[in-house]
Amino acid sequence: MLFDSTVRKELARSFAATLMVLLTIFMTNLVIRTLGLAANGAVAAQDVVFIFTLLALQTLPTILSLSLFAAVIITLGRMYRESEMAIWFSSGVGLARFIRPVLSTSWPVIVLVAILMLFVWPWSYSQYNDLRQRFEQRADVLRAAPGQFQASGDGHRVFFVEKAASAAAGGGRNVFIMNDAGTRESVAVSQSGKLENVGTDRFLVLDSGHMEQDDKVSGEHTHVEFRNYRVHAGTSSGPPAGTPSPRAVDTVDLVLGGGPAYMGELTWRLGLILGATNLLFMGISLSAANPRRASNWGLLFAALAFVIYYNLLNLTQAWVGSGRLNVAVALVGLHGAAFLLALGLIWWRVHATVIHPMKLLLRRSAR
């Protein structure tokens, strides 16, 4: 009982500290990424907080897996460096005995990763895609917030609305539009503007204004005053067309769908859950450190193992998605091999004290 409680407390503290550090790093990058999307006009400014939450939910399973793996490495590595492992080993506690307290501490995190991957992951991607599609289908003039300059989706026009009109009018007051058509550049200013739908096309109708045009080739300048002026402002918004992305499909629908793309996404979701479990066993074996040496090669090997495992997981997803590999073969082949490798490393660590004297005896007999 003392052994189990000691390992669990140490592992829990290391996991909490590692998780806070990784969350700070990843969340900072997500804030910059989300603000960049809003600044580039890819998402609406009022949806920044919600989009940040969705992106955080998508990143959280990987952060939890990495934090759990690092916590095992840090906890057991500290025990090796401070000779606590030598005390446990001399008391008859082998390295394999650490599997039980590590699993008893980590299973709630594994369950949380499974819930996030199987249920929260598709919901967050579905919400994120819907927000981006609805925003992209809006007319360019609707993207312009009052008092702010906004570029169009193709980058050839810049809109400015001093004051928004009512929602029913679909326009605004004191509208400014600069249009760059390659060889001709124009600037139109009007007192008001409103949106009109003609079929599937949407036009911005400007009232009582003037326009300055410059021909870049000939240098000719034209001044035009108008009562009504129409500007194409995109197509009318409608429901998103096309099939949804596999990442936005529920896990049950992935299983029932059966297509290669769906099976590839299923391989990724199940693979991250199995990978988080296998990394625990790898962490137990890779945390060994020599207290007489200042360097900790185990931590370096652990980071390399995580990167390789993560890339292999992406590779198997791509192979299954392209139809080159079966989902069962991918899961059993990659994660089964990783599980056997982790158990083999633990066995090697346990029997190292027996193997090394045998090697010395064989060398002496060969002489």
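Conditions (1) touching a residue at least 24 places away in the same chain (Cβ under 8 Å); (2) not aliphatic (A, V, I, L, M), marked per residue:
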{"site": "Glu10", "(1), (2)": "yes, yes"}
{"site": "Ile25", "(1), (2)": "no, no"}
{"site": "Val48", "(1), (2)": "no, no"}
{"site": "Ile51", "(1), (2)": "yes, no"}
{"site": "Ile63", "(1), (2)": "yes, no"}
{"site": "Leu68", "(1), (2)": "yes, no"}
{"site": "Ser83", "(1), (2)": "yes, yes"}
{"site": "Arg100", "(1), (2)": "yes, yes"}
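Taking residues in region 156-169 that are more than 13 Å from Gln191 (Cβ to Cβ), and partners anywhere that are modelled with pLDDT under 75 and assigned to a loop (DSSP other than H, G, I, E, B), the pairs with Cβ atoms closer than 6 Å and at least 6 places apart or on different chains are Phe159/Ala144; Ala164/Pro146. Can you spot a residue in region 299-309 that is part of a loop (DSSP other than H, G, I, E, B), modelled with pLDDT under 85 and either within 30 Å of Gly92 (Cβ to Cβ) or not assigned by TED's automatic domain parsing to the domain that holds Leu22 (or both)? Checked region 299-309: no residue is part of a loop (DSSP other than H, G, I, E, B), modelled with pLDDT under 85 and either within 30 Å of Gly92 (Cβ to Cβ) or not assigned by TED's automatic domain parsing to the domain that holds Leu22 (or both).
Among residues that are in the same structural domain as Leu272 (by TED's automatic domain parsing), surrounded by fewer than 18 Cβ atoms within 10 Å (Cβ to Cβ) and closer than 20 Å to Ile284 by Cβ, Ala17 is included.
The values are calculated or read from the model by the stated rules, or taken from the named source; none is laboratory data. Keep in mind it's a predicted model, so treat the numbers as computed, not measured. Cβ: placed from backbone, ideal geometry, glycine included. Neighbour counts: every protein chain shown.
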